[in-house]
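Presented below is the structure to which this report refers.
The values are calculated or read from the model by the stated rules, or taken from the named source; none is laboratory data. All values reported here derive from a predicted model rather than from experimental measurement. Here Cβ is always computed from backbone atoms with ideal geometry, including for glycine, and neighbour counts include all displayed protein chains. Surface areas here come from the heavy atoms of the whole protein model, side chains and all, with no ligands, DNA or RNA. Shrake-Rupley method; radii C 1.70, N 1.55, O 1.52, S 1.80 Å.
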Amino acid sequence: MTEVVRLTLVSHAMTDAMAAALFPADEPLNDMGRRQAEAAAQLVRGARHFTGPERRARQTAQLLGLDAAPDPLLADLNCGRWRGKRLQDVSSGDLTVWLTDPTRAPHGGESITDLMRRVAGWLNSLTESASAAVAVTHPAVIRAAVLHGLDSPPKSFWGIDVAPMSRTGLHFRDGRWTLRL
C-alpha cells in the first residue's frame, strides 16, 4: 500500500494590515478575523498541527482549537524594510522589480524563490512519515506550497489568490504532491 501524507493548509484570519493592504508585520487578528476563526469548524482530528510563528497565525490556530507547534519554516514572507508600509509608500520601481522578478528582494527581505525553497524544505520534511497534518500559516506560504506541489515556476506566485481562513489540501503519494480542491 502507498504511504500518503495529507496536508491541510489554512490561511490565517483577517487582520487590519490585510484590510488596509499593508505589508505584513506581526499584527494580531482584527475583530472580523476573530469571528472568522471562531466560526470555522474543527479541523482534522489526529493530525499533527503546525502554525507560523507570527501572532496572527498562532491566534488563528488557537481559535480553531488546535494545539499547534510554531514552526519558523512557516513564517510569512519577509518583506524587510517594507514591513508595515502601504503599497503606495514603496517606490514603484522597486515594487515592479519584486512583483516581476521572483529572484529579487529589493526590500532587503526574502525573495519569492527564497520563500519557495524554505517551504519546499518544510514540505519535504513531512514526507518522512505518512500521516495527516494541518498548518495555519500565511497566504504567501500557501502560494509557495501550491507551486512546489505542482512543480510550477516561481513567476506564477502572484497568480494565486489565498483568502483569509481558506483551506488548501495537498497530498503526497508515490513521490509527488497533488493539489486537492
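Quick notes on this one:
- Rounded to whole numbers, the Karplus 3J(HN,Hα) couplings from phi for the range 132-138 are 8, 9, 10, 10, 8, 8, 10 Hz, using 6.51 cos²θ - 1.76 cosθ + 1.60 with θ = phi - 60°, and x at Gly and Pro.
- Charge dipole (debye, nearest 20) of the range 1-135; +1 at Cβ of Lys and Arg, -1 at Cβ of Asp and Glu: 120 debye
- Kirkwood Rh and Cα Rg combined as Rg/Rh, the range 92-181: 0.99
- Accessible surface, the range 16-82, averaged per residue in Å² (probe 1.4 Å): 52 Å²
- Carbon-plus-sulfur accessible fraction, the chain (probe radius 1.4 Å, protein heavy atoms only): 50%.
- For MET14, the accessible area of its heavy atoms, probed at 1.4 Å with every protein chain present, is near 40 square angstrom.
- Structure-based [θ]222 nm, the chain - -39500 (n - 2.57) summed over DSSP H runs of at least 4, per residue, nearest 500: -9000 deg cm²/dmol
- Rounded to 5, the percent of DSSP beta bridges in the chain classed as antiparallel: 50 percent
- Cα Rg, Dmax, the chain, angstrom units: 16.0, 54
- Computed from phi, the 3J(HN,Hα) profile of the range 120-130 under the Karplus parametrisation 6.51, -1.76, 1.60 (θ = phi - 60°) reads 4, x, 5, 4, 4, 5, 6, 7, 6, 9, 6 Hz, with x in place of Gly and Pro.
- A cut-off of 5 Å between modelled amide H atoms, ignoring neighbours fewer than 5 places along the same chain, links ALA133 with ARG6, LEU7, THR8, ARG48.
- Taking packing as the residue-averaged number of other Cβ atoms within 10 angstrom, the listed peptides 102-108, 77-83, 149-155 run from highest to lowest as 77-83, 102-108, 149-155.
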